[in-house]
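Reading through the structure tokens given below for one structure.
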Amino acid sequence: DLSALKMAENERDTLFQLSPDMLCVAYIDGRFKQVNPAWTRTLGWREDELLSMPYTELVHPDDLAATLAAGQRLRDGHAVLGFENRYRARTGAYRLLSWNSFPLPDAGVTFGVVRDVTERAAAEAAQREADQRAGERQRLE
């Protein structure tokens, strides 16, 4: 039924547009095919800018080797879950992103569900530091 197909398409498009998570479809060669508005909200780049540059231009240099290895796993047909790397925002600051990516090798694309975990990681690091300081104070007493 054509109307049911159109309704399902509209629901998918609405989810894509409204998701707080960054959703993308990427070509196997490392370029984005489609990104949702959460990418612009998170990183500040316009959609056309994201679609026109290879993702390697945005990855922090220290994360590039691991990112390329994750891309190879996707090209080999394996999902990549919980992968984290830093992406450069338009401001020049880096955001820590957590990726769940699923390849469709026959179509030459991958689907990504990406969450900005920058604040969570900073809070966890601050908690570890506070715990370490508390442990040091206890040892001194």
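The values are calculated or read from the model by the stated rules, or taken from the named source; none is laboratory data. Quick caveat: nothing in here was measured; it's all calculated off a predicted structure. With ligands, DNA and RNA removed, areas are computed over all heavy atoms of the protein, side chains included. Shrake-Rupley method; radii C 1.70, N 1.55, O 1.52, S 1.80 Å.
Mind checking the angle between helix 118-140 and the chain's longest principal axis? C-alpha axes, 0 to 90 degrees, to the nearest 10. Approximately 20 degrees, to the nearest 10. In terms of accessible area, using a 1.4 Å probe and ignoring ligands and nucleic acids, SER98, SER3 rank largest first as SER3, SER98. For the chain, how big is Rg over Rh, using alpha carbon atoms and the Kirkwood form of Rh? Ratio of gyration radius to Kirkwood radius for the chain: 1.10.
Show that you can apply the helix-only estimate: for the chain, add -39,500 (n - 2.57) for every DSSP H stretch of four or more residues, divide by all residues, and state [θ] at 222 nm to the nearest 500. List each step's numbers first, then the result.
Values: 5 runs with 65 residues, N = 141.
After summing the helix terms and dividing by the residues of the chain, the value is -14500 deg cm²/dmol.
Roll a 1.4 angstrom probe over the protein heavy atoms and tell me the percent of accessible area of the chain that is carbon or sulfur. C and S fraction of accessible area: 55 percent.
The residues of the chain expose on average 63 square angstrom of accessible surface per residue, using a 1.4 Å probe on protein heavy atoms.
Please compute the contact order of segment 66-114 in relative form: average sequence separation of alpha-carbon pairs under 8 Å and at least six residues apart, divided by the residue count, as a percent.
Numbers: 74 pairs, mean separation 15.6, N = 49.
For segment 66-114, the relative contact order is 32 percent.
Would you mind calculating the relative contact order of segment 16-92 from Cα pairs under 8 angstrom and at least 6 residues apart, reporting the percent as a whole number?
Working: 93 pairs, mean separation 20.8, N = 77.
Relative contact order here is 27 percent.
Near the amide H of LYS33, within less than 5 Å, lie the amide hydrogens of VAL25, ALA26, TYR27, all on another chain or at least 5 residues away, with H placed in the peptide plane.
Helix 2-18 versus the longest principal axis of the chain: what is the Cα-based angle in degrees, 0 to 90, to the nearest 10? Between the helix axis and the principal axis of the chain, the angle is about 30 degrees.
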